[in-house]
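Notes follow the structure.
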Amino acid sequence: MTSQPIGFLDSGVGGLTVVKEALKQLPNESIVFLGDQARLPYGPRPTEEVAHFVQQIAGFLLDQHIKALVLACNTATAAALPILQAKLSIPVVGVIDSGSQTAVRVSTGQHIGVIATEGTIKSHAYQRAISNLSPNASIEGLACPEFVTVVEADKYHDEQTNQLVADQLRYFKTHPVDTLILGCTHFPLLADSIQAAMGPDVTLVDSGVETVSVIKQLLSEQHLLNTDSEAEQPKFYTTGDIDGFTAIGKDWLQVPDLDVTHVPVEHLKQYGDLASKETSYEA
Ligand code: I24
Ligand code: DGL
């Protein structure tokens, strides 16, 4: 039972930043990941649409007998975490609460910034999570959709990128923060440019990394950590192109091969919206 995999979902390949951390922190756990590349990006889409997609993917992952679900995408978490937590009987963790908790803990003056996609910023999900934990915190949210474009155009190492990042983050010169949450799966790849733009006194928080610590703690408390057998090879599904997914996955995870299967969006649609208190499809 504890050998069942943990499910991870994302709008594409960005969630692999979370998977990489999971492979590090949870080497005994089996992982199944679905990236919805055919419908990416989620950032600019209406909340209801993203919530609908995420429920379809959760239905698919439940069919793979997962014991817990990680929303490894900020936009998906902002749109659908409460719905999934209400409807599923297995633990569901998102990236927003985890990142917020760490930010509140490490922030010296409770001046906290969040950079993310438009969908995440407009949802105010981080702002709400931080206010609940630290009612007096001042919170500055800034949408940085160009950062996603820069990473996906493979320009995150380029010299001009430092300038673009500095230009976007100039907002914080007039709205200073002591801690900045990277509220998008892609932003850890720009961490060096972001740190350079913000200066050495600002602490960056990677929501994905914090999420893996939270799921580890939660599985431990619920006696769900795998003690039955060795972890299986991670299994990846994509609604998009297998070769594109495999190339980025191998490069990012530094592995010689990846087990990637294509799932047509049409197949996901059969899952529709989840019923209330869906079982974990246990045999
Ligand atoms: N990074 C991301 N998405 C992409 C990309 C990228 N292309 C280059 N790099 N494309 O997300 C999205 C659409 N693609 C997906 C693959 O199939 C075709 C369509 C961030 C990923 C973070 C793990 C840059 C890049 C890379 C290798 C490793 C990491 C990375 F080429 F960011
Ligand atoms: N994975 C998304 C997030 O973390 C970024 C990419 C997208 O907009 O789909 O918000």
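The values are calculated or read from the model by the stated rules, or taken from the named source; none is laboratory data. Being a predicted model, the structure only gives us computed values, none of them experimental. Glycine also receives a Cβ, built like all others from the backbone with ideal geometry; neighbour counts cover every protein chain displayed. Only protein heavy atoms, including side chains, enter the accessible area calculation; ligands, DNA and RNA are left aside. Shrake-Rupley method; radii C 1.70, N 1.55, O 1.52, S 1.80 Å.
What is the set of long-range amide H partners of Gly94 at a cut-off below 5 Å, with H atoms built 1.01 Å from backbone N?
Excluding prolines and chain starts, which carry no amide H, the hits are Leu71.
Would you mind calculating the gained length between Met1 and Gln222 on full extension (0.36 nm times residue separation, minus the Cα-Cα distance), in nm to one decimal?
So the chain would gain 78.3 nm between Met1 and Gln222.
Calculate one ³J(HN,Hα) per residue across the stretch 25-38 by plugging θ = phi - 60° into the Karplus curve 6.51 cos²θ - 1.76 cosθ + 1.60, and present them in order as whole Hz with x for glycine and proline.
Values per residue, Gly and Pro as x: 7, 10, x, 8, 9, 7, 10, 10, 10, 10, x, 8, 4, 5 Hz.
Over the stretch 57-98, what per residue volume does the convex hull of the Cα atoms give, in whole Å³?
Looking at the stretch 57-98, the number lands at 66 Å³ per residue.
Where does each of 262-268, 174-180, 95-101 land if you order them by average Cβ count within 10 Å, highest first?
Those peptides, ordered most packed to least, come out 95-101, 174-180, 262-268.
Expressed as a whole percentage, what fraction of the accessible surface of the stretch 139-283 belongs to carbon and sulfur atoms when a 1.4 Å probe is rolled over the protein heavy atoms? Before the final figure, lay out the partial values.
Details: 3970 of 7980 Å².
Carbon-and-sulfur percentage of accessible area, whole number: 50.
Using Cα-only point scatterers and the Debye equation, what is log10 of I(q)/I(0) for the stretch 154-214 at each q in 0.12, 0.14, 0.26 Å⁻¹, rounded to two decimals?
For the requested q values the scattering log ratios are -0.29, -0.40, -1.16.
By its C-alpha gyration tensor, with a ≥ b ≥ c as the square roots of the eigenvalues, how is the stretch 224-281 shaped: rounded for a/c under 1.5, else prolate for a/b larger than b/c, else oblate?
Oblate, since a/c reaches 1.5 and b/c is not below a/b.
Using just the alpha carbons, could you tell me how many Å³ per residue the convex hull of the stretch 1-108 encloses? Walk me through the numbers before you get to the answer.
Values: hull volume 12.3 nm³, N = 108.
It is 113 Å³ per residue.
How large is the dipole of the stretch 179-283 about the Cα centre if only Lys and Arg carry +1 and Asp and Glu carry -1, each at its Cβ, rounded to the nearest 20 debye?
Charge dipole, the stretch 179-283, about its Cα centre: 200 debye, nearest 20.
Grab every C-alpha pair in the stretch 177-258, bin the distances at 5 angstrom width from 0 up to the longest one, and report whole percents.
For the stretch 177-258, the pair-distance distribution reads 3, 11, 14, 15, 17, 17, 13, 8, 2, 0.
Can you list residues whose amide H is under 5 Å from Val205's amide H, if they're 5+ apart or on another chain and H is modeled 1.01 Å from N?
Leu180, Ile181, Leu182
So, by mean Cβ neighbours within 10 angstrom, what's the order for 143-152, 241-250 with the highest one leading?
The peptides rank, most packed first, as 143-152, 241-250.
Taking only protein heavy atoms and a 1.4 Å probe, what accessible area per residue, in Å², does the stretch 26-125 have with all protein chains in place?
31
Send over a whole-number figure in Å² for the accessible area per residue of the stretch 221-267, probe 1.4 Å. If you can, show how the numbers build up before the last one.
Details: 3030 Å² over 47 residues.
Accessible area per residue, the stretch 221-267: 64 Å².
Charges at C-beta only: +1 for Lys and Arg, -1 for Asp and Glu. How large is the resulting dipole of the chain about its Cα centre, in Debye rounded to 20?
Details: 17 positive and 34 negative charges, 147 e Å.
About 700 debye.
Any idea what the relative contact order of the chain is, in percent, if you count C-alpha pairs under 8 Å spaced at least 6 apart? Numbers along the way, then the final one.
On the way: 551 pairs, mean separation 82.0, N = 283.
Rounded, it is 29 percent for the chain.
With a ≥ b ≥ c the root eigenvalues of the C-alpha gyration tensor of the stretch 141-283, is it rounded (a/c under 1.5), prolate (a/b larger than b/c) or oblate?
Because a/c hits 1.5 or more and a/b exceeds b/c, the stretch 141-283 counts as prolate.
Would you kindly calculate the translational diffusion coefficient of the stretch 67-197, applying Stokes-Einstein with the Kirkwood radius from alpha carbon pairs, for 20 °C and a viscosity of 1.002 mPa s, and quote it in µm² s⁻¹ without decimals?
140
Hey, which lysines would be in cross-link range of Lys269, C-alpha to C-alpha under 25 Å, not counting anything within fewer than 8 residues on its own chain?
Qualifying lysines at Cα under 25 Å: Lys67, Lys87, Lys235, Lys277.
I'd like the Karplus ³J(HN,Hα) series for the stretch 261-278: coefficients 6.51, -1.76, 1.60, θ = phi - 60°, whole numbers in Hz, and an x wherever there's a Gly or Pro.
10, 7, 10, x, 3, 4, 5, 5, 4, 4, 6, x, 7, 6, 6, 5, 6, 5
What per residue convex hull volume, in Å³, comes out for the chain when only alpha-carbon positions are used?
Taking the convex hull of the Cα positions in the chain, it is 123 Å³ per residue.
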